[in-house]
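A short worksheet on the structure shown next.
The values are calculated or read from the model by the stated rules, or taken from the named source; none is laboratory data. Just so it is clear, the model here is predicted, and its values are computed rather than measured. Glycine also receives a Cβ, built like all others from the backbone with ideal geometry; neighbour counts cover every protein chain displayed. For the accessible areas, the whole protein counts, side chains as well, though only heavy atoms, and no ligand, DNA or RNA atoms are used. Shrake-Rupley method; radii C 1.70, N 1.55, O 1.52, S 1.80 Å.
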Amino acid sequence: MADFKCERTLISKIAYAESRNRLEKREGLVIKMGKGYLTIRLTTANAALPVAGAKVTIADMEGNLLYTLYTDQSGMTGRIELYAPPKRTQFDPNITVKPYSRYIVNITAEGFNDVVINGVQIYDLMPSELPVDLQPLEPGAPGQVSEYPIGDNALEMDSQSGREAPPPITSRIHREVFIPTHITVHLGIPASNARNVTVPFVDYIKNVASSEIFPDWPYHALRANIHAQISLALNRVFTEWYRGKGFNFDITNSTQYDQYFVENRNIFQSVSIIADEIFNTYIVRPPGIEPFFAEYCSGITVTCPGMKQWGTVTLAEQGKNYLQILQYYYGSNIYIQTTNNIRTPFESFPGNLAIGFSGQDVAMVQAQLARIRQNYPRIPAVTVDGVYGSQTVAAVREFQAIFGLAQTGTVDRRTWYAISNIYAAVMRLGELGSEGHRPPVITQPPPPPPPPPPPPPVRPTLRLGSRGDSVRELQTLLASRGFNPGPVDGIFGPQTQNAVILFQRANGLAADGIVGPITWNALLSGGNTAPARPPFPGTLLRVGSSGSSVTVLQQNLNRIAAVNPAIPRLVADGIFGPLTQAAVIAFQRYYGLTPDGIVGPLTWNRLMQLEVGVRLDPDRRLDVHPQADIICVCAPAPQSPERHQHLWDFESCPK
């Protein structure tokens with residue numbers, strides 16, 4: 001943070017010293033105020049470019065100047081302290097004191113419109129970040145000031161009403177569940193003339209969580225709430241709830257209908273870490289496969305049949321974990337589903353379907369008509385076989401007649417969405433009592449089973465010193481599983497032996513470095529891959545850095561420190577301070593890197609490589625061969641020299 005500047009005039013020093021007294025007087029407190037933390041990040045072009053040299057001022061809600069800051073080359077200010085009510089005010093739903101203080105942030109940058117954010121919330125002991133994407137000035141146009149008010153936390157709102165849904169007839173159904181890369185939020189109730197904003201889905205979840213719950217709640221209470229927020233948002237996307245009614249957005253920021261999103265608010269570290277971890281999960285209640293409509297409310301200012309947010313705190317304090325909390329409110333049969341199907345949002349309509357078509361889209365229409373027929377028996381019975389024949393034509397025509405569509409017997413866009421809308425209505429997919437959507441099963445004879453595979457060829461036993469094509473195949477398989485055998489040269493050397501031992505250990509096999517039938521079978525059948533190494537975050541980490549990448553760095557340094565006393569242990573708080581710098585320098589010195597205390601790609605990758613070795617073998621001290629990508633596992637004393645020599649035979653392993 002060498003480029004960071006922070007100024008306080010004599011007036012602002014006095015104002016800062018008096019701000020605690022003003023807060024205590026306004027809130028009626030007779031207890032000592034705490035302190036929270038704020039960092040501002042300024043970017044432009046949808047966060048593609050940082051904005052350096054911008055002036056940021058922070059004032060209290062009476063307008064008294066507290067800080068003048070300037071952003072560095074990464075668009076960041078330093079972290080500042082601001083007074084806040086004590087932490088315990090977050091845990092009493094009946095307390096009359098707000099558990100956060102508020103501040104005004106003014107942003108001025110050459111070539112950009114000014115921004116004023118009124119009401120940035122600060123909680124005691126909680127780090128937060130305020131990300132703002134600045135808009136460039138229009139050529140020749142005068143500058144403008146964009147103002148963004150941040151209201152109360154949703155827990156304090158009487159308007160929170162349990163997420164009343166618009167009429168269910170307006171939703172549609174996707175064929176599969178996916179995590180959208182971005183989500184479009186309407187900043188008002190559905191029919192209002194408000195703006196839409198499109199933000200990354202994970203940032204949307206962080207914003208909602210920071211706006212709807214208090215960030216110092218117990219971990220499992222926070223996680224239960226964030227799971228519910230993710231699932232409710234994904235239900236809106238999966239059912240195309242608003243787009244099916246002709247709106248050009250996915251969800252609103254109205255607590256009367258959806259979830260509370262506040263444009264340009266600050267994000268709290270505790271919820272940010274959880275959202276990054278679980279954004280690709282959602283709640284499922286069998287027999288449905290769709291994201292569960294996880295209705296929730298405060299349980300104090302508003303009641304509802306779903307989850308009570310204040311109740312999650314009580315349950316977490318009683319020792320229940322996040323899944324037990326969710327099952328307490330939604331039923332013991334729910335579970336958390338994870339998906340890596342992350343994609344750009346898309347429309348469900350596949351194109352016109354008519355006689356002669358076949359496939360999964362036809363089966364979807366048939367299954368939905370079959371369910372609708374239970375409520376509308378005039379529709380003829382239809383077999384779910386994925387073939388668009390005369391039976392399907394008759395069912396489509398009758399549906400079109402009932403709902404005032406042209407009776408073509410063809411599923412065009414209007415008919416597709418009408419069928420999907422009525423199906424969502426009769427299934428109650430956008431309600432707490434959903435029947436649960438299941439993909440259609442095509443009722444046609446299964447294809448004949450494939451012929452049995454030929455028996456695998458017998459492969460030779462390989463060990464240190466072996467050569468030939470079998471060794472080359474072994475090296476290729478090891479590399480594909482993430483275990484580095486060195487060059488694929490057909491020579492079974494120490495690096496290949498090291499990779500074999502790590503693979504065996506990761507798959508629960510005898511780790512002798514010899515590739516016999518059992519190890520061959522594990523390799524050929526897939527086997528466990530090497531534990532994932534987090535990629536380098538793309539920015540040098542040094543004193544002053546903060547965030548999730550610093551937390552990962554500190555956690556992995558601690559794992560190395562557990563088996564190597566030369567590395568000091570740290571508190572994994574996500575803040576790169578002098579203690580983290582000292583641990584990095586000790587790590588760099590011990591493992592032959594330049595001891596500058598800065599974490600670049602080389603230090604990061606070496607640390608992650610060693611941490612993988614610790615996970616595979618936590619009982620041994622680790623070192624890295626200085627000339628190659630080889631993990632040396634050096635047995636601690638007392639240990640026989642023969643066993644050490646038998647396993648490794650590396651001169652570079654410290655004795």
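For residue 563, work out the one condition from (1) in contact with a Pro (Cβ under 9 Å, 6 or more places away or on another chain); (2) modelled with pLDDT of 85 or more; (3) open to solvent by less than 50 Å² (accessible area, probe 1.4 Å); (4) not charged (D, E, K, R) it doesn't fulfil.
Among (1) in contact with a Pro (Cβ under 9 Å, 6 or more places away or on another chain); (2) modelled with pLDDT of 85 or more; (3) open to solvent by less than 50 Å² (accessible area, probe 1.4 Å); (4) not charged (D, E, K, R), the lone unmet condition for residue 563 is (2).
Determine whether segment 327-335 contains at least one residue that is within 30 Å of residue 410 (Cβ to Cβ) and in a loop (DSSP other than H, G, I, E, B). Before you say what the answer is, go through the steps one by one.
We begin by selecting, within segment 327-335, every residue within 30 Å of residue 410 (Cβ to Cβ); these are none.
So far as segment 327-335 goes, no, none of its residues is within 30 Å of residue 410 (Cβ to Cβ) and in a loop (DSSP other than H, G, I, E, B).
Whether any residue in segment 185-202 is among the hydroxyl-bearing types (Ser, Thr, Tyr), open to solvent by 10 Å² or more (accessible area, probe 1.4 Å) and either more than 28 Å from residue 575 (Cα to Cα) or touching a helix residue (DSSP H, G or I) at 6+ places or on another chain (Cβ under 6 Å) (or both) is what I want to check.
Among the residues of segment 185-202, at least one is among the hydroxyl-bearing types (Ser, Thr, Tyr), open to solvent by 10 Å² or more (accessible area, probe 1.4 Å) and either more than 28 Å from residue 575 (Cα to Cα) or touching a helix residue (DSSP H, G or I) at 6+ places or on another chain (Cβ under 6 Å) (or both), which makes the answer yes.
Kindly state which strands (runs of 3 or more DSSP E) lie completely within segment 1-95 and contain at least 2 residues that are at pLDDT 90 or above, closer than 17 Å to residue 120 by Cα and touching a strand residue (DSSP E or B) at 6+ places or on another chain (Cβ under 8 Å).
Of the strands (runs of 3 or more DSSP E) lying wholly inside segment 1-95, those with at least 2 residues that are at pLDDT 90 or above, closer than 17 Å to residue 120 by Cα and touching a strand residue (DSSP E or B) at 6+ places or on another chain (Cβ under 8 Å) span 34-44, 55-60, 65-70, 80-84.
Restricted to segment 594-605, and to residues that are surrounded by 18 or more Cβ atoms within 10 Å (Cβ to Cβ) and not β-branched (Val, Ile, Thr), which residue is modelled with the highest pLDDT?
597
Being open to solvent by less than 30 Å² (accessible area, probe 1.4 Å), over 14 Å from residue 216 (Cα atoms) and of a type in the set (A, V, I, L, M) is the filter here; which residues of segment 77-113 pass it?
Those that are open to solvent by less than 30 Å² (accessible area, probe 1.4 Å), over 14 Å from residue 216 (Cα atoms) and of a type in the set (A, V, I, L, M): 80, 82, 97, 104, 105, 107, 109.
Conditions (1) surrounded by fewer than 17 Cβ atoms within 10 Å (Cβ to Cβ); (2) in a loop (DSSP other than H, G, I, E, B), marked per residue:
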{"position": "450", "(1), (2)": "yes, yes"}
{"position": "475", "(1), (2)": "no, no"}
{"position": "482", "(1), (2)": "no, yes"}
{"position": "486", "(1), (2)": "no, yes"}
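Kindly list, by first and then second residue, each pair from a residue in segment 349-377 that is on the phi > 0 side of the Ramachandran plot to a residue that is surrounded by 15 or more Cβ atoms within 10 Å (Cβ to Cβ), limited to pairs with Cβ atoms under 8 Å and residues at least 6 apart or on different chains.
Here the result reads 356/388; 359/386, each pair linking segment 349-377 to a residue that is surrounded by 15 or more Cβ atoms within 10 Å (Cβ to Cβ).
Checking the condition surrounded by fewer than 18 Cβ atoms within 10 Å (Cβ to Cβ) and touching a strand residue (DSSP E or B) at 6+ places or on another chain (Cβ under 9 Å), which residue from 536, 576 passes?
Every option except 536 fails the conditions.
Which count do you get for residues in segment 272-288 that are in contact with a strand residue (DSSP E or B) (Cβ under 9 Å, 6 or more places away or on another chain) and within 11 Å of residue 334 (Cα to Cα)?
5
Take segment 151-177 and flag every residue that is open to solvent by less than 10 Å² (accessible area, probe 1.4 Å) and either assigned to a loop (DSSP other than H, G, I, E, B) or at pLDDT 90 or above (or both).
Those that are open to solvent by less than 10 Å² (accessible area, probe 1.4 Å) and either assigned to a loop (DSSP other than H, G, I, E, B) or at pLDDT 90 or above (or both): 153, 160, 162, 163, 171, 173, 174.
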